[in-house]
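Trainee: I'd like to ask you about the structure that follows.
The values are calculated or read from the model by the stated rules, or taken from the named source; none is laboratory data. Every value quoted in this text rests on a predicted model; they were computed, and no experiment measured them. No Cβ is skipped: glycine too gets one built from the backbone with ideal geometry, and neighbour counts run over all protein chains shown. In case anyone asks, the SASA skips ligands and DNA or RNA and just uses the protein heavy atoms, side chains included. Shrake-Rupley method; radii C 1.70, N 1.55, O 1.52, S 1.80 Å.
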Amino acid sequence: MGYFSPDITTQVDDAHPPTVTVKVATGLPTTVGSVAITVLPSPGLTDANAAADATTLTDELMQAWSLPAGQRFTQAAWDSAKSQALSRLTHAQFPAATLLTSLADVDSSAHSVALYLEIDPGAPFTFGELAIEGLARYEADMVVHTRLFDG
């Protein structure tokens, strides 16, 4: 739940059988101190295009990042943010995208966490030329200009 500096005390009484009391004060919650996302250049593009595309993808993921600096850190929020970032790529042009590095570096004394994410987008997937057959009631142009996906 984002508590990394608890104060834990124990007490044992002299009864038979003895009773052990454990008290946990959670301390302050941890907040996100920084976020670093890196998208590697896609192997399916030329060097110049791959570098530019990686920068654009990184910027887009940072803009949409759901666990920004200053927000309270929890494991559930961290898992969700990573999943959303990867999903943005896999549902767009990079269905083979994979998470290479995922690190939440906790500084318990500062109650802060630095988040690092590295993603390999894989080769981009694109549609080739459309081959339309069997139309009787509609023009082929209508099929060509219909959007199949949002995004």
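Trainee: Suppose the filter is open to solvent by 80 Å² or more (accessible area, probe 1.4 Å), assigned to a strand (DSSP E or B) and in contact (Cβ under 8 Å) with a residue 24 or more places away in the chain; does residue 28 pass it?
Mentor: Working: open to solvent by 80 Å² or more (accessible area, probe 1.4 Å): yes; assigned to a strand (DSSP E or B): no; in contact (Cβ under 8 Å) with a residue 24 or more places away in the chain: yes.
Against the criterion (open to solvent by 80 Å² or more (accessible area, probe 1.4 Å), assigned to a strand (DSSP E or B) and in contact (Cβ under 8 Å) with a residue 24 or more places away in the chain), residue 28 does not qualify.
Trainee: Being exposed (fewer than 15 other Cβ atoms within 10 Å of the Cβ) and touching a Phe, Trp or Tyr at 6+ places or on another chain (Cβ under 6 Å) narrows it down to one residue among 36, 15, 64; which is it? Steps first, answer last, please.
Mentor: Numbers: 15 fails: touching a Phe, Trp or Tyr at 6+ places or on another chain (Cβ under 6 Å); 64 fails: touching a Phe, Trp or Tyr at 6+ places or on another chain (Cβ under 6 Å).
Step by step, each of 36, 15, 64 is checked, and only 36 is exposed (fewer than 15 other Cβ atoms within 10 Å of the Cβ) and touching a Phe, Trp or Tyr at 6+ places or on another chain (Cβ under 6 Å).
Trainee: How do the pairs read when you match residues in segment 1-24 that are more than 25 Å from residue 107 (Cα to Cα) with residues anywhere that are of a type in the set (D, E, K, R) and not in a strand (DSSP E or B), using Cβ under 9 Å and keeping only pairs 6 or more apart or on different chains?
Mentor: So the pair list comes out as 19/13; 20/13; 21/13.
Trainee: For segment 107-117, what are the residues that are surrounded by fewer than 17 Cβ atoms within 10 Å (Cβ to Cβ) and farther than 11 Å from residue 28 by Cβ? Step through it out loud before you land on a result.
Mentor: Taking segment 107-117 and keeping what is surrounded by fewer than 17 Cβ atoms within 10 Å (Cβ to Cβ), we get 107-110, 114, 116.
Passing the criteria: 107, 114, 116.
Trainee: Name the residue that is modelled with the highest pLDDT, counting only residues in segment 41-61 that are of a type in the set (Ser, Thr, Tyr), assigned to a helix (DSSP H, G or I) and open to solvent by less than 70 Å² (accessible area, probe 1.4 Å). First the steps, then the outcome.
Mentor: So in segment 41-61, the residues of a type in the set (Ser, Thr, Tyr) come out as 42, 46, 55-56, 58.
Among the residues that remain, those that are also assigned to a helix (DSSP H, G or I) are: 55-56, 58.
After this cut, where a residue has to be open to solvent by less than 70 Å² (accessible area, probe 1.4 Å) as well, the list is 56, 58.
On the way: 56: 84, 58: 87.
In this case the residue turns out to be 58.
Trainee: Moving on to the next point. Quick one: residue 3 ticks every box in (1) assigned to a loop (DSSP other than H, G, I, E, B); (2) modelled with pLDDT of 90 or more except a single one, so which number is it?
Mentor: (2)
Trainee: Right, another one. Can you tell me how many residues in segment 137-149 are modelled with pLDDT of 70 or more and open to solvent by 100 Å² or more (accessible area, probe 1.4 Å)?
Mentor: Matching residues across segment 137-149 total 4.
Trainee: If you don't mind, another one. So is residue 73 among the aromatic types (Phe, Trp, Tyr), in contact with a Pro (Cβ under 9 Å, 6 or more places away or on another chain) and over 26 Å from residue 1 (Cα atoms) or not? Even if it seems obvious, please write down each step before you answer.
Mentor: Values: among the aromatic types (Phe, Trp, Tyr): yes; in contact with a Pro (Cβ under 9 Å, 6 or more places away or on another chain): yes; over 26 Å from residue 1 (Cα atoms): no.
No; evaluated as a whole, the condition is false for this residue.
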